[in-house]
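Just so you know, all these numbers are worked out from the coordinates, no wet-lab data involved. Please read all numbers here as calculations on a predicted model, not as lab measurements. Don't worry about glycine lacking a Cβ; one is built from the backbone with ideal geometry, like all the others, and counts go over all protein chains shown.
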Amino acid sequence: MKIIKCHTTSSTNDDLREYALENHSEETVALLAFCQKNGKGQRGRFWHAEEDKSLTFSMLFKGVEIPFAQIFQIHVCVSIALLDFLTEITRQEINFHVKWPNDIMAENKKCAGILIETISSERTVNEMIIGIGVNLNNTDFPNQLVHAVSLKQISGEHYSIENSFKTLIERIEKKMRTIPMLDDWNGIFEEYQQRLFKRNQRIQVTYKNKQLEVEVQGVDESGRLVVREEELGIIHASYEELKWNYNLLR
Ligand code: BTN
């Protein structure tokens, strides 16, 4: 794996997309930025990061040839790798959950996010960029990020950016190597379900432009969130259809 560290950049995901177009080697690349100025989040949002406090990196996997239907498995594997890593470095003092599809929650607030982007041909994904942001040592956040938290804010400890980067990229690379076989998919999928944020609890969502209160049941094999609503019954909702109402999270 080729490792690149840079001081300042706009977005490590964008950098690796450019890199993929210019370089034809199939080697996996991991890019760490100590200061990411214009990070991208899910749904086109901005990802807040602070120099030497936030962990921001991306990994480029080339020649992966993964069918579209398998992308959800990547989301699950990366989420589990990140959850395991966070549980380990905080010495199991913090409860981490994955808020579907792949926000990482520490107790009731978001401490990390994953942005997976793909470069695809007709039927398969050929290149994949996995971008990860973790709030490691931040001591405060802008007012509008009321649901953000750092590991330091919870545990009081300081975490090494470089060591965290090294450990995480090794874990993710190892997991990615097993993806085409995924012998233990059922076990990994079950673990993801077990670690699902608000499972068996009621949450407020916007589903197809309607405000609903639903109970989180789990996730189905194609990656849709399964919820139960009093009148509509069981709903399998895609990422485009369902949005959590963050401001109503308790
Ligand atoms: C989310 O919205 O939860 C996803 C956040 C992903 C942020 C990371 S930081 C490193 C990489 N580069 C980016 O521009 N975004 C991702």
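Going by a ≥ b ≥ c, the root eigenvalues of the Cα gyration tensor, does the stretch 156-231 fall in the rounded group (a/c under 1.5), the prolate group (a/b larger than b/c) or the oblate group? Judged from the Cα gyration tensor, the stretch 156-231 comes out oblate (a/c at least 1.5, b/c at or above a/b).
Dividing the convex hull volume of the Cα atoms of the stretch 2-194 by its residue count, what figure in Å³ per residue is obtained?
Looking at the stretch 2-194, the number lands at 115 Å³ per residue.
Once R0 is set to 35 Å, what does the formula 1/(1 + (r/R0)^6) return for the Cβ-Cβ distance between Val146 and Thr124, expressed as a FRET efficiency to the nearest 0.05?
On the way: r = 40 Å, r/R0 = 1.14.
Efficiency, from the Cβ-Cβ distance: 0.30.
Within the straight-line cut-off of under 16 Å between alpha carbons, the lysines reachable from Lys208 are Lys243, sequence neighbours fewer than 8 places apart in one chain being disregarded. Note on Glu221 and Thr178: the extension gain reaches 13.7 nm, defined as 0.36 nm multiplied by sequence separation minus the Cα-Cα distance. Mean Kyte-Doolittle hydropathy of 1.6 or higher plus an axial Cα length of 24 Å or more: which whole DSSP H helices in the chain meet both? Result, helices passing both filters: 71-89.
Each residue of the stretch 48-59 is assigned a 3J(HN,Hα), and the resulting list reads 6, 8, 10, 4, 6, 10, 9, 8, 10, 8, 9, 10 Hz, derived from the Karplus form 6.51 cos²θ - 1.76 cosθ + 1.60 (θ = phi - 60°), x at Gly and Pro. Taking amide hydrogens as placed 1.01 Å from N in the peptide plane, the amide H of Phe197 sits under 5 Å from those of Val98, Lys99, Trp100, each at least 5 positions away in sequence or on another chain. The charge dipole of the chain, taken about its Cα centre with unit charges on the Cβ atoms of Lys, Arg (+1), Asp and Glu (-1) only, comes to about 540 debye. Contact order for the chain, expressed relative to its length and based on alpha carbon pairs under 8 Å spaced 6+ residues apart, stands at 16 percent.
All other residues with a Cβ under 11 Å from the Cβ of Glu241 taken together, and with Lys, Arg as +1 and Asp, Glu as -1, what is their net charge? Charge balance in the 11 Å sphere: +3. Phi angles of the stretch 198-211 translate, via the Karplus equation with coefficients 6.51, -1.76, 1.60 and θ = phi - 60°, into HN-Hα couplings of 6, 4, 6, 10, 8, 9, 9, 9, 10, 10, 6, 6, 10, 7 Hz per residue; Gly and Pro are given as x. Considering only Ile116, Ser155, Thr9, the residue lying farthest towards the positive end of the dipole of the chain is Ser155, judged by Cα position with unit charges set on Cβ.
Give, rounded to the nearest 20 debye, the magnitude of the charge dipole that the stretch 202-248 has about its Cα centre when Lys and Arg contribute +1 at Cβ and Asp and Glu contribute -1 at Cβ.
Working: 6 positive and 9 negative charges, 32 e Å.
Rounded to the nearest 20 debye, it is 160 debye.
From least to most packed, judged by other beta carbons within 10 angstrom and beginning with the fewest, His24, His147, His75 follow the order His24, His147, His75.
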